[in-house]
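To start, the structure itself, in structure tokens.
The values are calculated or read from the model by the stated rules, or taken from the named source; none is laboratory data. Remember, it's a predicted structure, so these values are computed and weren't measured experimentally. With ideal geometry, Cβ positions are generated from the backbone for all residues, glycine too; neighbour counts draw on all protein chains shown. For accessibility, only protein heavy atoms count, side chains too; no ligands or nucleic acids. Shrake-Rupley method; radii C 1.70, N 1.55, O 1.52, S 1.80 Å.
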Amino acid sequence: YTTGGVVEDIGAPSFNSVTLFDDRLWGIDAENPNQLWYSKQVIPTTPVEMSDLFTIYIAPTTGAQASTGPMTALSAMDDKLIIFKRDAIYYLTGNGPDNTGANNDFSEPVFITSTVGCANQKSIVFIPSGLMFQSDKGIWLSRLMSQHNLG
């Protein structure tokens with residue numbers, strides 16, 4: 001991997017939450033839960049390769065008037081990575097960089113709402129009508145652009 005300008009591999013930090021999206025492993029840094037890590041594209045029969053150049057920082061106040069807290073969970077939904085914070089939801093799209101770090105077309109995280117966030121990463125369930133998850137305000141269904149309290 002050290003020839004051809006490929007980004008150097010490093011050992012990844014511990015993650016609070018992980019998911020697969022767009023042929024990559026995504027994780028929330030356990031020591032800095034505002035830092036999102038993603039791997040190089042996963043190739044069959046090859047270990048997952050991480051780089052500290054493949055990270056995205058999401059400020060605790062991005063898109064909101066008050067703090068939305070740290071990231072709490074991740075989930076893939078269609079062509080989007082859904083990023084949950086304690087009190088907000090974001091998404092990003094794109095294919096990301098190649099293994100040299102070039103051609104990165106990931107979007108900036110797009111703020112969806114600060115009405116709710118995810119309080120329990122183990123509660124996320126993908127169903128045909130969207131993502132269900134537990135917030136501090138009950139069980140919610142997210143259809144990406146609209147949320148519905150289910151009780």
**Request:** Add +1 for every Lys or Arg and -1 for every Asp or Glu among the other residues with Cβ under 12 Å from the Cβ of ILE10, and state the total.
**Result:** -3
**Prompt:** Magnitude of the Cβ-charge dipole of the chain, K/R +1 and D/E -1, about the Cα centre, nearest 20 debye?
**Reply:** 660
**Asked** Can you give the FRET efficiency for SER123 and ASP79, using 1/(1 + (r/R0)^6), R0 = 25 Å, r = Cβ-Cβ distance, to the nearest 0.05?
**Response** 0.60
**Complete:** Taking THR55, THR113 and ranking on accessible area (1.4 Å, protein atoms only), highest first, one gets THR55, THR113
**Item:** Distance (nanometres) between label positions extended 7 Å along Cα→Cβ at PHE111 and ASP98
**Value:** 3.6
**Request:** Work out the charge dipole of the chain with +1 on the Cβ of Lys and Arg and -1 on the Cβ of Asp and Glu about the Cα centre, then indicate which of ILE89, THR19, PHE133 is farthest towards its positive end.
**Result:** PHE133
**Request:** Could you order ARG143, ARG24, ARG86 by accessible surface area, starting with the largest, using a probe radius of 1.4 Å?
**Result:** ARG143, ARG86, ARG24
**Request:** Please compute the net charge surrounding ASP87, taking Lys and Arg as +1 and Asp and Glu as -1 over other residues with Cβ under 13 Å from its Cβ.
**Result:** +2
**Message:** How large is the convex hull of the C-alpha atoms of the chain per residue, in Å³?
**Reply:** 110
**Message:** Probe of 1.4 angstrom, ligands and nucleic acids ignored: what's the accessible area per residue over the range 19-150, in square angstrom?
**Reply:** 48
